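> Here it is, the structure, as structure tokens.
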């Protein structure tokens with residue numbers, strides 16, 4: 001929408017043929033021949049999967065890489081050449097002044113023993129050593145106002161841990177703005193934040209780029225974020241430039257196969273795109289008239305998992321963290337638990353698995369309240385449940401080979417002889433499309449996506465009736481995620497297990513699940529079929545959550561931003 | 001993907017990489033030399049360590065007795081090699097006791113938590129807050145001075161450090177998802193502890209046990225020196241040194257105390273080399289941050305640029 005304005009805007013940062021090589025025992029070419037340009041008041045997104053060199057290239061501009069990194073390339077900042085091949089005096093001068101950087105984890109980036117006001121003041125003083133106390137304080141308050149934080153005068157006296165993640169990230173942006181930078185490097189600035197908070201930070205970055213004329217270089221792996229905020233996109237892969245271009249053009253007419261692949265990997269969600277984004281009024285109207293439709297599967301069948309009025313606490317004699325949640329899952333059905341961090345998703349999973357303290361309600365698997373059974377019968381029920389966890393690294397024992405990991409439930413739960421179990425493990429590896437020669441490898445020798453396949457193979461080893469998947473793909477790159485979800489779907493179709501799927505990724509849930517439970521602070525906010533919850537949410541919270549999940553569609557995102565701005569001014 | 005592989009390669013190497021470091025090679029070859037000498041040396045010598053040669057008492061090193069003889073006319077070389085067997089046996093056996101006790105209690109404390117954890121940790125604190133020698137001396141005088149009592153005392157008093165390390169490791173491991181998985185599957189606690197937790201502690205145990213050997217060897221030497229360890233007529237490096245309690249021997253008969261002293265130093269140093277090499281292999285080694293380095297290192301070195309060009 002503002003493209004016309006940018007045509008003749010001045011160039012702030014010009015990077016040509018940037019290359020970064022890590023020397024040492026082995027030479028790694030992290031970045032090779034990478035070029036991009038950032039104009040004044042423009043947001044440029046560098047997008048790529050993990051290991052593509054996107055963070056390394058940003059850090060190399062500020063000389064933040066360790067000693068074993070060799071950097072080369074022509075960099076021009078404000079038209080003046082900048083020598084990035086070593087830690088030149090110019091680089092030290094521009095840090096925090098012309099070029100600022102913010103990082104992924106806001107709490108990690110702030111010093112816990114100083115108030116946030118002191119930390120902003122420090123940045124102010126670095127840029128203006130002669131300023132007296134009153135000037136610095138005034139500037140700190142100005143900065144806090146410019147990042148849209150309420151009550152700057154009380155807020156500046158607080159310590160980082162007293163603020164929420166979104167507020168912390170705003171403080172970091174304030175620190176970055178203290179030196180009136182020409183360019184702001186943002187390395188995955190919203191990845192550690194919840195979606196509803198993420199939208200606020202993205203809006204702020206967008207607004208800063210427009211009002212202060214700062215060039216923003218945002219590094220991300222999320223196509224939704226790119227669609228939301230970027231004017232220009234640069235796609236990188238294995239440290240090399242794949243495609244660059246104006247955002248809307250790139251999303252609609254990707255030239256390169258890899259770009260197309262990346263865009264295809266994003267879950268397609270007709271449910272989330274239309275009605276809410278373009279027709280805000282319809283959503284508001286539906287709030288009064290919507291009904292929770294019954295579950296799509298046969299109704300007189302016994303649900304595989306029935307949770308009723310469940311309350312959970314972390315440990316005995318501590319307050320409940322989940323309050324009265326109810327849902328049920330039938331055969332062939334996938335139910336999603338969605339919500340922000342701290343909403344109790346994983347706690348519910350742990351409770352269903354008997355790993356957290358249940359303080360009220362019932363959990364029935366196949367019509368039996370198995371957690372109240374005696375140990376032996378309880379173990380039998382446990383074998384009907386397969387589990388997949390989030391972290392591809394943590395969910396496999398690093399000292400077991402892949403075949404041993406997969407065979408473990410067979411050997412120790414069913415008492416299958418070792419040899420047979422290992423043979424069965426190889427069959428299961430075929431099932432999840434892993435080659436059999438990987439059987440004797442260790443988890444550290446394979447990629448994240450492959451590890452998650454091993455977890456899936458292990459989870460289906462006992463032919464479970466219920467599969468519990470706790471954020472199984474959120475640590476994976478989109479293209480890998482796409483394959484894993486495809487595998488998941490295939491297995492679910494063939495084996496017909498009921499599935500409890502925990503996720504914070506709404507587009508993924510919309511594309512994949514049948515029913516959904518929306519959680520907030522351990523309360524069940526909304527429960528029903530995906531179609532009705534996502535199209536006609538009945539509560540404000542669910543609507544907010546659904547609207548803030550960025551979609552990989554620049555037009556929808558631009559429209560949403562326009563509506564938000566309208567609402568703010570109105 | 002390619003990055004994944006290079007990372008995994010480094011990880012898989014782990015201890016295997018340590019084996020190739022000069023430090024490990026020096027340490028390992030010295031240890032094996034000492035072990036071979038002590039195990040096979042006595043078989044080749046004409047003298048039994050307790051043979052008394054009345055014709056040459058307190059003789060200086062000569063062709064017949066390469067390292068001389070002691071006050072009773074016993075061959076120092078024979079006693080040195082035999083004593084080495086004893087010192088190393090005590091060292092390894094005591095560490096074995098430490099590892100068994102420390103690992104079991106540490107794993108139980110870390111996994112069970114709650115009162116079991118508090119109980120075991122309070123015990124380790126009781127052990128750790130008393131100095132080693134007073135208790136060791138008291139125990140030795142109560143139990144009597146012999147080799148198995150020395151093993152028991154050193155093992156019994158030294159397991160606490162390993163116990164705490166294993167507990168800390170298990171505390172973080174038990175929250176990992178592969179342990180959650182086995183719990184969700186309903187597998188028994190002993191299976192989880194042995195098959196998953198202790199197996200994953202083995203780098204910690206190995207490094208710690210190697211370094212504990214040197215401590216055990218030194219403790220044995222000190223106790224024997226005080227006459228509370230391996231007792232005569234058995235020889236050990238410690239009780240050979242105890243002869244140096246006399247000023248006459250200390251000043252005029254160095255062949256009686258230099259060889260066992262030097263042997264202890266060599267063994268302890270070389271075992272420490274091994275332990276250090278292993279512990280470096282498991283602690284991540286991060287490259288320096290440029291900013292705090294002297295300006296001369298800010299520019300890439302010629303070697304680095306060459307490496308880049310060679311790779312390109």
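Each value in this text was obtained by applying a stated rule to the coordinates, not by laboratory testing. None of these values were measured; they are calculated from a predicted model. Cβ placement follows ideal geometry from the backbone for every residue including glycine, while neighbour counts extend to all protein chains displayed.
> Pick from B:260, B:295, B:61: which residue has the top mean-square fluctuation in a GNM of chain B where Cα pairs under 10 Å get a spring?
B:295
> What is the range A:1-102's relative contact order, in percent, from Cα pairs under 8 angstrom and six or more apart in sequence? Show your work: numbers first, answer last.
On the way: 162 pairs, mean separation 29.7, N = 102.
So the answer I get is 29 percent.
> Normalised by the residues of chain A, what does the relative contact order come to in percent, with Cα pairs under 8 Å and at least six apart? If you can, show how the numbers build up before the last one.
Numbers: 1135 pairs, mean separation 92.0, N = 570.
Relative contact order of chain A: 16 percent.
> Modelling each spin label as a point 7 Å along the Cα-to-Cβ direction, I'd like the residue B:305/residue A:569 distance in nm, to one decimal.
Taking the two extended label points, one gets 5.6 nm.
> Once fully extended, how much extra length lies between residue A:10 and residue A:521, figured as 0.36 nm per residue of separation less the alpha-carbon to alpha-carbon distance?
Net length gain for the segment: 179.3 nm.
> Hey, what angle do you get for helix A:448-460 against the long axis of chain A, alpha-carbon based, 0 to 90 degrees rounded to 10?
Approximately 20 degrees, to the nearest 10.
> Two decimals, Cα atoms only, Kirkwood Rh: what is Rg/Rh over the range A:109-180? Kindly include the intermediate steps, with their values, before the conclusion.
On the way: Rg = 10.9 Å, Rh = 11.8 Å.
Expressed as Rg/Rh, it is 0.92.
> Now, a different point. Give me the tail of P(r) for the protein assembly as shown as a percent: Cα-Cα pairs with distance above 36 Å. Provide the component values of the computation, followed by the final result.
Working: 236170 of 388521 pairs.
Here the long-distance tail beyond 36 Å is 61 percent of all Cα pairs in the protein assembly as shown.
> Helix A:418-431 versus the longest principal axis of chain A: what angle, 0 to 90°, nearest 10, using Cα atoms?
That helix lies at roughly 60 degrees to the long axis.
> How large is the Kirkwood hydrodynamic radius of the range B:69-111, counting all unique pairs of alpha carbons, in Å?
Numbers: mean 1/r = 0.0783 Å⁻¹.
Mean inverse Cα-Cα distance, inverted, gives 12.8 Å.
> Compute the separation of the alpha-carbon centres of the range A:409-459 and the range B:159-208 and state it in Å as a whole number.
After rounding, the separation between the Cα centres reads 22 Å.
> A follow-up question, please. Given the Cα-Cα distance of residue A:377 and residue A:26 and 0.36 nm per residue of separation, how much length would full extension add, in nm? Spell out each step's value before the answer.
Numbers: separation 351, 0.36 × 351 = 126.36 nm, distance 5.43 nm.
Value of the extension gain: 120.9 nm.
> Additional query: Considering the alpha-carbon set of the range B:90-162 alone, what are its Rg and its Dmax in angstrom?
Cα radius of gyration and Dmax of the range B:90-162 are 13.1, 39 Å respectively.
> Within a 10 angstrom radius of each residue's Cβ in A:19-29, how many Cβ atoms of other chains show up on average? Whole number is fine. Let's see the in-between values first.
Working: counts 2, 1, 8, 5, 11, 3, 4, 5, 7, 5, 4.
For this peptide, the per-residue mean of nearby foreign Cβ atoms is 5.
> What is the distance in Å between the Cα centres of the range A:505-558 and the range B:72-132?
59 Å
> Continuing with this model, one more query. Ignore the peptide's own chain and count Cβ atoms of other chains within 10 Å of each Cβ in A:438-450; give me the average, rounded. Spell out each step's value before the answer.
Values: counts 0, 0, 0, 2, 3, 3, 8, 7, 3, 6, 2, 2, 2.
Across the residues of A:438-450, the mean count of other-chain Cβ atoms within 10 Å is 3.
> Could you give P(r) for the range B:162-243, binned at 10 Å from zero, as whole percent values over all Cα-Cα pairs?
Here the calculated profile for the range B:162-243 is 17, 30, 18, 17, 13, 6, 0.
> Right, here's the next one. Can you give me the C-alpha center-to-center distance between the range A:191-207 and the range A:18-59, rounded to a whole angstrom?
Result: 23 Å between the Cα centres.
> Right, something else. Work out the mean other chain Cβ neighbour count within 10 Å for the residues of A:64-75 and drop it here as an integer. Spell out each step's value before the answer.
Values: counts 3, 3, 6, 10, 8, 4, 8, 2, 3, 0, 0, 0.
So the per-residue partner count for this stretch is 4.
> Then there is this: Over the range A:10-105, how many percent of alpha carbon pairs lie in each 5 Å bin up to the one with the longest distance?
3, 12, 24, 27, 21, 10, 3, 1, 0
> As an exercise, use a Förster radius of 30 Å and the Cβ-Cβ distance of residue A:257 and residue A:105 to find the FRET efficiency, rounded to the nearest 0.05.
Working: r = 33 Å, r/R0 = 1.11.
My answer for the efficiency is 0.35.
> Cut-off 19 Å, label point 7 angstrom out along Cα-to-Cβ of residue B:37: give me the residues of the range B:215-232 whose amide nitrogen falls inside.
Only B:217-218, B:221 fall inside the zone, counting backbone N under 19 Å.
> Once every DSSP H run of n ≥ 4 in the protein assembly as shown is given -39500 (n - 2.57) and the sum is divided by its residues, what mean residue ellipticity at 222 nm do you get, rounded to the nearest 500 deg cm²/dmol? Provide the component values of the computation, followed by the final result.
Values: 38 runs with 439 residues, N = 882.
Value at 222 nm, helices only, nearest 500: -15500 deg cm²/dmol.
> Under a GNM of chain B (C-alpha, springs under 10 Å), which listed residue has the highest mean-square fluctuation: B:115, B:298, B:190?
B:298
> Also, quick follow-up: Take every Cα pair under 8 Å in the range B:13-284 that's 6+ residues apart, average their separations, divide by the length, and report that relative contact order as a whole percent.
28 percent
> Please sort B:233-244, A:81-92 by packing, taking for each peptide the average over its residues of neighbouring beta carbons within 10 angstrom, highest first. Don't skip to the end; give the middle numbers.
Values: B:233-244: 22.5, A:81-92: 17.1.
Sorting B:233-244, A:81-92 by mean packing, highest first, produces B:233-244, A:81-92.
> Taking chain B as a Gaussian network, where each spring joins two C-alpha atoms under 10 Å apart, which residue of B:292, B:25, B:274 fluctuates the most?
Among B:292, B:25, B:274, the largest GNM mean-square fluctuation belongs to B:292.
> Which order do the peptides A:556-564, A:472-480, A:364-372 take when ranked by the mean count of other beta-carbon atoms within 10 Å per residue, highest first?
Numbers: A:556-564: 17.6, A:472-480: 20.7, A:364-372: 15.7.
The packing order, highest mean first, is A:472-480, A:556-564, A:364-372.
> Ok, one more. Please compute, over every Cα-Cα pair in the range A:393-461, the percentage with a separation greater than 17 angstrom. Don't jump to the answer; show the numbers that get you there.
Details: 697 of 2346 pairs.
Tail of P(r) above 17 Å: 30 percent of Cα pairs.
> Under the √(5λ) rule applied to the eigenvalues of the Cα gyration tensor, what semi-axes describe the equivalent ellipsoid of the range B:203-278? Give them in Å, descending. Please list the in-between numbers first.
On the way: eigenvalues 155, 38, 11 Å².
Over the Cα atoms of the range B:203-278, the ellipsoid semi-axes are 28, 14, 8 Å.
> Pairing the Cα long axis of helix B:258-282 with the longest principal axis of chain B, what angle in degrees results, from 0 to 90 and rounded to the nearest 10?
10 degrees
> How long are the three semi-axes of the equivalent ellipsoid for chain B, computed from the Cα gyration tensor as the root of 5 times each eigenvalue, in whole Å, largest first?
Details: eigenvalues 378, 180, 57 Å².
Equivalent-ellipsoid dimensions as semi-axes: 43, 30, 17 Å.
> What order, most packed first, do the peptides A:248-258, A:193-203 have when packing is the mean number of other Cβ atoms within 10 Å of each residue? Please list the in-between numbers first.
Details: A:248-258: 15.7, A:193-203: 21.0.
Listed from highest to lowest mean packing, they are A:193-203, A:248-258.
> Fewest to most neighbouring Cβ within 10 Å: what's the order for A:34, B:15? Provide the component values of the computation, followed by the final result.
Details: A:34 24, B:15 15.
The fewest-first ordering by Cβ neighbours comes to B:15, A:34.
> Treat each spin label as a single point 7 Å out from the Cα along the C-beta direction, and report the residue B:246 to residue A:366 distance in nm.
For residue B:246 paired with residue A:366, the spin-label model returns 8.3 nm.
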